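Every number here is computed from the coordinates shown, using simple stated rules; none is lab data. Values in this document were obtained by computation on a predicted structure and should not be read as measured data. Glycine gets a Cβ as well: all are built from the backbone with ideal geometry, and neighbour counts include every protein chain shown.
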Amino acid sequence: MKILAIETSCDETAAAVIKEEKGRPLLLSSVVASQINIHKIYGGVVPEVAARAHIENIIPVISSTLKKAKVKLTDIDYFAVTYGPGLVGSLVVGVETAKALALSMDKPLIPLNHLEGHIYANFLTEKGKVFEEPKFPLVCLLVSGGHSLLIYMKDHLGYKVIGETRDDAAGEAFDKGAKALGLGYPGGPIISKLAEKGDRYAFSFPTIDLTPEPKKDKDGFLVHPEPSLDFSFSGLKTALISEIKKVKKGKLTPATKRNLAAGYESAITRHLVQNSLRAVKKYHPKSFILSGGVAANRYLRRTLNDEIVKYDPDVRFLVPDFSYCTDNAAMIGAAAFYHVKKKRSSKNSFSAEPNLKLK
Ligand code: KG4
Ligand code: ZN
């Protein structure tokens, strides 16, 4: 079984070929044409510019991934494409291309949720490498530019959102923080690099916890509500801006920037780790998987792994290779693989859904 997957939900034009090996999705090739260099001059993704770049890139990216996988279009058994959430103009390019290919080849087409793809990046395998298979039940922390979610899964393709952000996403917090510090786009990798050489304790950032205050019951006893699994990052961004204002302009030296980046990255990580551990304590998963663009953050990977192992060494902590954390089509192919296995129906009558939810 061979799947050609297409992903164009934001600013990466991507295609990948997956085949089945030993009951798992094996990656044959993955090509990503990044638009970062185009968008960084604007300090963020410009939707119209992204859509136009996808149109230019989509066919060369598909041709190149087929070539790398050494397969022909006629060898493909299933086509798969991200149809949401994302930027509508970007999604449409992938969706219409995939529909045209599936129709002309007379093969099934599987519409995929981008978030499902991020989760399934953890199920990908590659030749010559060992990939531990996540076990159910599992908890996933999905942190990207648009989402911060804790998800519980009892089995394949069933998602229960157990925690979500009430304002910005974790990746957005990195991007906005980098902007406030006068750094480039996307902010995550830049802050992360600076933070490595900074002092994490030079500035103090709050620890965010959305658990409501304890309340007295009718007998006057304090009742503690269940610890919250939800996220909020806008307060940390405000704290960063206020620290920047306190530092007199001339003193925002490279060393101060490094320390601010380190303190800010640590505070974001503390919040993510705190809620992840709460989810582990409540749901007792066999595996804890990290995914999404922010999963490329080395400090988060390390801290989360250490804390989970410390709490319960039997919970397996897994995270994709760096290249499959940020947007790519290999993860879409992996998710499509399980749709095929579970005989989820393919369809041709769907459209791009920019606000698609994880169901
Ligand atoms: O998953 P992704 O590629 O796109 C979305 O689906 O949003 O995630 C992009 C986000 C950006 O906000 C970017 O700043 C963040 O992932 N990111 C990182 C790192 N690499 C990418 N954040 C923190 N540390 C990183 N190393
Ligand atoms: Zn993404």
Problem set entry | Unit charges at the beta carbon, dipole of the stretch 15-85: most positive-side option, 71, 35, 54 | 71
Exercise. Taking 0.36 nm per intervening residue step and subtracting the Cα-Cα distance, what contour gain separates residue 245 from residue 42 on full extension?
Worked result: 70.7 nm
Exercise. Where is the GNM fluctuation largest for the chain (alpha-carbon springs, 10 angstrom cutoff): 80, 53, 335?
Worked result: 53
Problem set entry | For the chain, the fraction of alpha-carbon pairs in successive 10 Å shells from zero, as % | 5, 24, 31, 24, 11, 4, 1, 0
Exercise. What percent does the relative contact order of the stretch 89-169 come to when contacts are Cα pairs within less than 8 Å and at least six residues apart?
Worked result: 17 percent
Seminar exercise, completed: Among the stretch 287-311, those whose backbone N falls under 19 Å of a label point 7 Å along Cα→Cβ from residue 179 are 293-294
Problem set entry | Most mobile of 63, 192, 349 in a GNM of the chain (Cα contacts under 10 Å) | 349
Seminar exercise, completed: Under the helix-only model (-39500 (n - 2.57) for each DSSP H run of 4 or more, divided by the residues of the chain), the mean residue ellipticity at 222 nm, to 500 deg cm²/dmol, is -13000 deg cm²/dmol
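Could you tell me which helices of the chain pass both thresholds, a Cα extent of 30 Å or more along their own axis and a mean Kyte-Doolittle hydropathy of at least 0.0, with helices taken as whole DSSP H runs?
Passing helices, by number: 47-69.
Within the set 40/310; 179/286; 68/197; 135/343; 22/68; 19/286, which residue pairs have Cα atoms separated by over 31 Å?
Going by Cα-Cα distance, 40/310; 179/286; 68/197 fall outside the 31 Å limit.
How do the peptides 39-49, 280-290, 116-126 rank, highest first, by the average count of neighbouring beta carbon atoms within 10 Å per residue?
Ranking, from highest mean packing down: 116-126, 280-290, 39-49.
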Exercise. Hey, what did the stretch 219-359 get for relative contact order, percent, Cα under 8 Å, at least 6 apart?
Worked result: 20 percent
Problem set entry | Fully extended contour minus Cα-Cα distance, from residue 204 to residue 221, at 0.36 nm per residue | 2.7 nm
Exercise. Which three lengths, in whole Å and largest first, does the stretch 93-151 cover when its Cα atoms are put on their principal axes?
Worked result: 38, 33, 20
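What ranking do 133-145, 159-171 get when scored by the average of other Cβ atoms within 10 Å per residue, highest first? Intermediate values should be presented prior to the final figure.
Working: 133-145: 21.5, 159-171: 19.1.
Per-residue Cβ counts within 10 Å, averaged per peptide and sorted highest first, yield 133-145, 159-171.
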